[in-house]
Each structure stands twice: as C-alpha cells, then as structure tokens.
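These notes concern the structure reproduced below.
The values are calculated or read from the model by the stated rules, or taken from the named source; none is laboratory data. This one's a predicted model, so the numbers in the text were calculated from it and none came from an experiment. With ideal geometry, Cβ positions are generated from the backbone for all residues, glycine too; neighbour counts draw on all protein chains shown. To get the accessible areas, we keep the full protein, side chains included, count just its heavy atoms, and leave off ligands, DNA and RNA. Shrake-Rupley method; radii C 1.70, N 1.55, O 1.52, S 1.80 Å.
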Amino acid sequence: MSSQTVPATHFSELKSKIEQRQARVAIIGMGYVGLPLALLYSERSFKVTGFDIDERKVSTLNSGGSYIFRITPAEILAAREQGLSATSDYAQLKSMDAVIICVPTPLNEYHEPDLSYITGTAESIAPHLRAGQLVVLESTTYPGTTEEVLVPILEKGNKSGLKAARGEDQGEKSFFVAFSPEREDPGNQTVARRDIPKVVGGLSPRASELSGALYGAIFNRTVPVSSPAAAEMTKLLENIYRCVNIALVNELKLLCLRMGLDIWEVIDAASTKPFGFHPFYPGPGLGGHCIPVDPFYLSWKAKEWDFRTRFIELAGEINVNMPYHVMDSVAKALNQHRKALNGSKVLVLGVAYKKDIDDLRESPALTIIELLQQAGAQVSYNDPYFPEVGRGRKYDLQMKCAPLENLGQYDCVLIVTDHSDYDYERIVRDSILVVDTRNATRGIQSGKIVHC
Ligand SMILES: NC(=O)c1ccc[n+]([C@@H]2O[C@H](COP(=O)([O-])OP(=O)(O)OC[C@H]3O[C@@H](n4cnc5c(N)ncnc54)[C@H](O)[C@@H]3O)[C@@H](O)[C@H]2O)c1
C-alpha cells in the first residue's frame, strides 16, 4: 500500500484534539522559555505537563511555587487549577499528544555548539514515543538540527519502528516533527507574549499544519515556513542581526569617546529618521543565553559548507572586548582622582545581563567583576534581583549583595545594568565618582559622572 493511501487518522485526530483544546501538551524543560509557554497553554484551557530533570523545579511547581522572578506563585496556582503538573518521569509522555522541547543550547569550552541537552532529551523521549504524536523543538540551534540530530535519535530509539512523517507520507507508524523558535524578549513589557508572531516549520506539510494549529491556539499569529531548517535559520538571522548591530554601535562608541562626541546623542538624532534606521545601543558587553551564544552555532555549521561567517566573528571580537574597555575606563576615571585601581573600592550596580530581569547568564558584569578583582580592586555589587552571586558555568564569585547605602565609602560606583528601580539622582549625589556604561544618568548634570 502506498503511503498516500493510508487514511490520515493520526493527523485528523490530533488536529481536532488541538482545535477542541483537548490535546495534552508536554513541555520539556521548564526554564525561562518552557514555564511561560506552559502558562500560556494553561490559560487557554489546555492540560499541560512540564517535564524537567531538575527535581527542585518539579516540586516547586507541584506545590504551587515559582522560581522565576517575573512569574508569581498566583500564576502557577491558576495554571495548576487548569491541570498543570510537573514531573521528571518520561514514561508519562505516552499519554501526551504534543511534545515541545525547550532545553538549553549553550556553547562548549571550545565555543562550539553543545547539543547534549537536545540529544539527551531526544534519547529520553524516544522509548515513549507513540504514533501520531507531534514533537516540536524550540531550542535555538543551527539549521539542520531538527532533521539531522533530533529525528534520527527519535527514530532509532523507539522499539515500535516509528518514523517521522516526511513529504506527503503519513503512515500508521509515523509521528510529526517541527521546529518553532522562541522569540521572547525577557523583561520587555511592551509586547505581550501572544502578540509575538510564532514561526513554524514542519518536516512535512501535515506537521506544519499541526504545529501551526498548536501554536495558533495560544499565539495571535503564526508564520509558516517551508522547513524546520528555515525556521532554525530565521531565529539565527534575528539574533545575528542584533549581535552585529550592537557590535557596530559599540565600536562607534569607542570612536565617539576618542573624538569627544556623545554616541547617545548621535543615536537619538539618527533615530528621528523615519525609515532605514533602527537604533541599537552600546553597553558593557553582550549578555544572556542568546545573543552572545547563538551566532556561533551558525559559524560552526557554516564550516561544514566551507564558509566563513566574518560578520559574526568580527562582531564577537568587538563585543567580547567591551568588559575590558569598561575596566580601562574605571582605571582612567580613578586616575583622574589620583587613585589606582589596585586597592580601590568599587561598587558594581546591576549584575543581571540586562535591566529588570533576574538572569545572570553570560552577563558582562561577571567578567567585569573578575577583571576588576584581578587588577586588585575591592569589588562589591548591588542588584535587587540577586541577594548573592555564587558559582556558575564560567564564574565563581561567592559574593553577597551590598546594601545601596553609604555610597561615599566607594572610590567608584560603576553602573553596569540600568535597573529601573535605581534612583540615579541619589546615586550620583551620594557617590564620589560614577562610571556609567548605560547612559543611566542621562539628564543628570554632575562632574562626578564619567560615561564609558
Ligand atoms: N531565555 C530566553 O529568553 C530565550 C529566548 C529565546 C530562545 N531561548 C532558547 O530556548 C532554549 C531554552 O532556554 P531557557 O532560557 O528556557 O533555558 P533554562 O536553562 O532556563 O531552562 C532549561 C530547562 O531545561 C531543563 N532540562 C535540561 N535537560 C533536560 C532534559 N534532558 N529533560 C528535561 N529537562 C531538561 C533544565 O533543568 C532547565 O530547567 C535555549 O535553546 C535558548 O537558547 C531562550
């Protein structure tokens, strides 16, 4: 029997379950991406099960608690009433209809893609896979991952001989696969999550239709593309665009400082152009799980095609150097006060990688603190989102948040992350010297401020 003649039962069953919100949704990885996604499905009356290998997250969620600052326990409790539960037991996957994977995709020590979380997850899913299920990967990764890495593990690891549906094929023993990138901008209050159009690329037309329906149930707009690889590449283009443009303004900032020009004034003026210009802003270096990491997924993959992604490499070089520029600027500013960096007391304001969020990943503040310490400075920090900073993948600081008082005791207050809660007027008034990497003191007239 040709595959086309097989009745499309799996497809129509799942489609109708999704449309009636009866589909059981599994979300694997209940982190910054997975948990908010689970809440969106719960709000729309879907029954959601969150899977995570972190038992603390599982038990916190099951007891109605939250471990992400901007998500309140009340939101978790409301979702629990809709049937949200969490587990680390992959055997529960059998009863799920759609499986969405939101696990980390970091770089390894050689700056290469570390797909171990994706492959580990795929190996855990495979034995429990059932015909007719839809599996969607959301983790940011290079084009080809879904088809070349995820699908072969799922196909090999299940004992029932299930195959991912490709082309028009939709046999009885098939499951559906798609890629859909997460585009959330943490801390951004101006765009509601469901208003961010959701790009989806299925491995087959029916996988595209099913994943379009799955996301159409919670997002106001879905954007279908022709393949998982096109969806993977879309996400990378977006992040590389940001990375390259931030590097451009960072480089121009260094030139402006040398020329005695104010880059912020220049960007504001350029932003008045009603077309052809989108503002990006300089800073102390790139942070977060995405922008400093994702572009290198593509440069790695490009090598397979004998291709060098020079913009990515150049942008990386400029952005990586920004924390060093910050350290030099602090040293110069202290020098103006006849002080050496060695032995000076420096208070770093803000360690999160950007304002108003509780995320430290790849934060340039961590590098800056380490550089200042290596130069002999006595460094303290304040950040309302972090009572302490311990040990992470690339740092080991073991520091506690210093109170935001008696600022005159510090030789320099260094603004690294411009949280909205800070009273910058007071900070400048009470400090001896303020080095500002974010233009947070904009509009405050004081000889104590050094922009860098
Ligand atoms: N955080 C963001 O703002 C953001 C935005 C866009 C895209 N992304 C991408 O989304 C993906 C997830 O990022 P995140 O920020 O949510 O990461 P995260 O570290 O906050 O969460 C990932 C979760 O996956 C869990 N996990 C790891 N391996 C697992 C496994 N085998 N089975 C079950 N759970 C497992 C971890 O315990 C963790 O709770 C990454 O690829 C990231 O690049 C993140």
Can you tell me how many residues within the range 116-161 are within 23 Å of Glu184 (Cα to Cα), within 10 Å of the ligand (Cβ to nearest atom) and hydrophobic (A, V, I, L, M, F, W, C)? 2
Any chance you could count how many residues in the range 37-62 are open to solvent by 10 Å² or more (accessible area, probe 1.4 Å), within 12 Å of the ligand (Cβ to nearest atom) and not hydrophobic (A, V, I, L, M, F, W, C)? 6
Anything in the range 162-189 that is away from the ligand (no atom under 16 Å from the Cβ) and open to solvent by less than 10 Å² (accessible area, probe 1.4 Å)? List them, or say none. Leu162, Ala164, Ala165, Gln170, Ser174, Phe175, Phe176, Val177
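What about Ala86, is it closer than 16 Å to Gly29 by Cβ and not basic (Lys, Arg)?
Numbers: closer than 16 Å to Gly29 by Cβ: yes; not basic (Lys, Arg): yes.
When the stated conditions are applied, Ala86 passes them.
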From Ile291, Ile312, Ile263, which residue is free of Cβ contacts under 8 Å to residues at least 40 places away in the same chain and β-branched (Val, Ile, Thr)? Ile263
I'm told Thr105 meets every condition in (1) within 12 Å of the ligand (Cβ to nearest atom); (2) modelled with pLDDT under 95 except one. Can you identify the failing condition by its number? (2)
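Just one of Gly34, Gly29, Gly65 is assigned by TED's automatic domain parsing to the domain that holds Glu184, within 16 Å of the ligand (Cβ to nearest atom) and without any contact (Cβ under 8 Å) to a residue 24 or more places away in the chain; which is it?
Working: Gly34 fails: without any contact (Cβ under 8 Å) to a residue 24 or more places away in the chain; Gly29 fails: without any contact (Cβ under 8 Å) to a residue 24 or more places away in the chain.
Exactly one residue qualifies, and that residue is Gly65.
Taking strands (runs of 3 or more DSSP E) that fall entirely within the range 373-452, which contain at least 3 residues that are open to solvent by 40 Å² or more (accessible area, probe 1.4 Å)? Show your work before the answer.
On the way: elements: 378-382, 388-391, 396-400, 412-415, 434-436, 449-451.
It comes to 396-400.
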Restricting to the range 252-287, name every residue that is open to solvent by 80 Å² or more (accessible area, probe 1.4 Å) and outside any loop (DSSP other than H, G, I, E, B). Leu255, Arg258, Met259, Glu265
Considering every residue within the range 147-159, establish whether at least one is closer than 17 Å to Ile27 by Cα and not in a helix (DSSP H, G or I). no
